[in-house]
Amino acid sequence: MSPQPNQNGDAESAGDRTKAYWRANLKLLGKLLVVWFVVSFGFGILLQPFLDQFQFFGFKLGFWFAQQGSIYVFIALIFVYSHRMRKIDRDFGVED
């Protein structure tokens, strides 16, 4: 479903709103993918030797991020995406 035209029914404005909607969507996706990459690749692989000097629930922190932490962050990102997209959809008038 594309965003609804404004009250004036201006087609050009509707096209601009569609572009703005997708820009907001892709901007959100980009931010969330950066967080996912930093946590999974950065903490689990690149920073693993540094993080292993800390303990978390009896495990080395780098190991924990590689095995469990990145999964928990990914699940949290799903909820963040859902919440933020609901707001973006409302802002642009494309809610279900």
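For the stretch 21-60, a residue qualifies if it is closer than 22 Å to I75 by Cβ, touching a strand residue (DSSP E or B) at 6+ places or on another chain (Cβ under 9 Å) and not hydrophobic (A, V, I, L, M, F, W, C), and exactly one does: Q48.
Here Q53 clears all of (1) touching a helix residue (DSSP H, G or I) at 6+ places or on another chain (Cβ under 9 Å); (2) in a helix (DSSP H, G or I) except the condition numbered (2). One residue stands out among those in the stretch 67-96 that are of a type in the set (A, V, I, L, M) and exposed (fewer than 12 other Cβ atoms within 10 Å of the Cβ): the one that is farthest from the chain's Cα centre (by Cα), which is I75.
Quick one: count up the residues across the stretch 68-96 that are among the acidic types (D, E) and either in a helix (DSSP H, G or I) or modelled with pLDDT of 95 or more (or both). Residues flagged as among the acidic types (D, E) and either in a helix (DSSP H, G or I) or modelled with pLDDT of 95 or more (or both) within the stretch 68-96 amount to 2.
Here A76 meets the list (1) in contact with a helix residue (DSSP H, G or I) (Cβ under 6 Å, 6 or more places away or on another chain); (2) hydrophobic (A, V, I, L, M, F, W, C); (3) closer than 29 Å to E95 by Cα almost entirely, failing just condition (1). Pick from the stretch 66-96 the residues that are aromatic (F, W, Y) and touching a residue at least 12 places away in the same chain (Cβ under 8 Å): which of them is farthest from V38 (Cα to Cα)? The extreme case among them is F92. If you go through the stretch 34-65 and pick out every residue that is out of contact with any Leu (no Cβ under 8 Å at 6 or more places or on another chain), of a type in the set (A, V, I, L, M, F, W, C) and in contact (Cβ under 8 Å) with a residue 24 or more places away in the chain, you end up with 1.
The values are calculated or read from the model by the stated rules, or taken from the named source; none is laboratory data. Since the model is a prediction, treat every value here as computed from it, not as a measurement. Methodologically, a virtual Cβ is constructed for each residue, glycine included, from the backbone with ideal geometry; neighbour enumeration extends over all protein chains shown.
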